[in-house]
2 protein chains.
Amino acid sequence: MDATPRWLTSEQQVAWNSFIRMQEKLIGRLSRRVQADSGMSAADYIVLVKLTETSGGRMRLMDLAKLVEWEKSRVSHQVRRMTERGLVAKEECPDDGRGAFIAATHAGYKAIEDAAPVHVEHVRRLFIDALSQEELNMLARISDRVVAHLERQPD
Amino acid sequence: MDATPRWLTSEQQVAWNSFIRMQEKLIGRLSRRVQADSGMSAADYIVLVKLTETSGGRMRLMDLAKLVEWEKSRVSHQVRRMTERGLVAKEECPDDGRGAFIAATHAGYKAIEDAAPVHVEHVRRLFIDALSQEELNMLARISDRVVAHLERQPD
DNA sequence: CATCGATAGTTGATACGTCAACCAGTTCTC
DNA sequence: GAGAACTGGTTGACGTATCAACTATCGATG
């Protein structure tokens, strides 16, 4: 209803553009790299990390969804694809007829053990090495503020 | 070949995790929002912005690709989809038989004019409002450093 | 002018994310 | 104990990103 929208100041625009550009380049490069030399996507990686960090290497699908903050259908699709590639397996859930446990397979453990050092090395080389520890701290603080702000807002 | 990979320090991990989490939440929320209330994706948006900023509202596909820093096949697919929805049109290129001009249509202009204020408002509400101007400046500086670092590295 | 390499752009396969609709069990409530 | 509402999870359609292979044209060089 506002005929004259409030545009951003040029300083605000600069900040937004720089951030977006950085984030696209960084994430794009990292995910292509990890994909290329371990055959795993960022999604595969995080799912296996979360599963293998859990005692027993298995978890309910919805618990996994909450942990990684994805919606259930995204998790369901991801798990199906990973099941087809043998990285995880679905197991029956005795106490809840609807439920499914997702478990990392041997191949899954192997894959994450191989991929983790590679992943870390890329993160270090592409991101950590670009910044001082003070800058990293500032970025963490800023990121946390944005997240807190988002969580305070509806939707 | 390094049997004992150098993991990140806990401070470095915190920074990386915070950043990734922020970036995912922010981008996800913004793109869902913009999609929901203007029917346009971030990709549609940026393509139309770049096209309509150009005098004549038309541009060679490869020039567009360089401008938005996408690979050509991504641009090609995106343009095809936008053509199907009537937002842009392809025009012949007289001086280069291979070439294609991409032009914003009337519907494209209309769409971007409608979407821009909405987009800006979301950026402001989700991101700008979360931070002080000093924080925005710091983030811009940090982002630029990371980009410069990435551009210094091969691939 | 023949050809060879670079450039412009398309296409198809595959993977990923979102949305909405759906099914099946579970829990609440009267 | 019979619904009704809720929760856990799947599915299909669609839009999107990447990669590799391909076509067609351009431009340089012989």
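Since every read-out is calculated from the coordinates, none of them should be taken as a lab result. Since the structure is predicted, the reported quantities are computational estimates derived from the model, not experimental observations. Cβ sites come from the backbone with ideal geometry, for glycine too, and all protein chains shown count toward neighbours.
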* With a Cα-only, solvent-free Debye model of region B:1-69, what are the log10 I(q)/I(0) values at q = 0.12, 0.14, 0.19, 0.28 Å⁻¹? -> -0.59, -0.69, -0.85, -1.12
* **Label-point separation, B:Lys110 to A:Arg81 (7 Å along Cα→Cβ), nm** => 3.6 nm
* To do: Let me know the mean shielding of B:119-130 by other chains, meaning the per-residue number of their Cβ atoms within 10 Å of its Cβ.
  => 5
* Asked: In the P(r) worked out for region A:39-152, what percent of Cα pairs fall beyond 21 Å?
  -> 49 percent
* **Summed residue charge, Cβ within 14 Å of A:Leu67's Cβ, Lys/Arg positive, Asp/Glu negative** => +2
* To do: Net charge near A:Val146: determine it from the other residues with C-beta under 14 Å of the C-beta of A:Val146, scoring Lys and Arg +1 and Asp and Glu -1.
  => +3
* Can you pull the Rg over Rh of the protein assembly as shown, Cα-only, Kirkwood? -> 1.00
* To do: Between the label point of A:Ala148 and that of the same position in each other copy, find the distances and list them shortest first in nm, with every label point placed 7 Å from Cα along the Cα-to-C-beta direction.
  => 3.0
* **For B:Trp7, label point 7 Å along C-beta direction: distances to other copies, nm** => 5.0
* Within chain A, what is the longest stretch that has no trypsin sites (Lys or Arg not before Pro) placed in a DSSP loop and near at most 16 other beta-carbon atoms within 10 Å? -> A:7-84
* Could you please report the charge total around B:Gly28, scoring K, R as +1 and D, E as -1 over all other residues with beta-carbon less than 12 angstrom from its beta-carbon? => +2
* Structure fact -> Between the Cα axis of helix B:106-126 and the main Cα principal axis of chain B, the angle (0 to 90°, nearest 10) is 20 degrees
* Taking the label point 7 Å from Cα in the Cβ direction, how far apart in nm is B:Asp63 from each other copy of itself, listed shortest first? -> 5.7
* **Furthest towards positive pole of dipole, A:Val146, A:Leu126, A:Pro94, structure part region A:39-152, Cβ charges** => A:Pro94
* Structure fact -> At the level of C-alpha centres, the distance separating region B:116-155 and region A:103-145, in angstrom, is 21 Å
* Structure fact -> So, with points 7 Å from each Cα along the Cβ direction, the A:Gln13-B:Ser73 label distance in nm works out to 3.5 nm
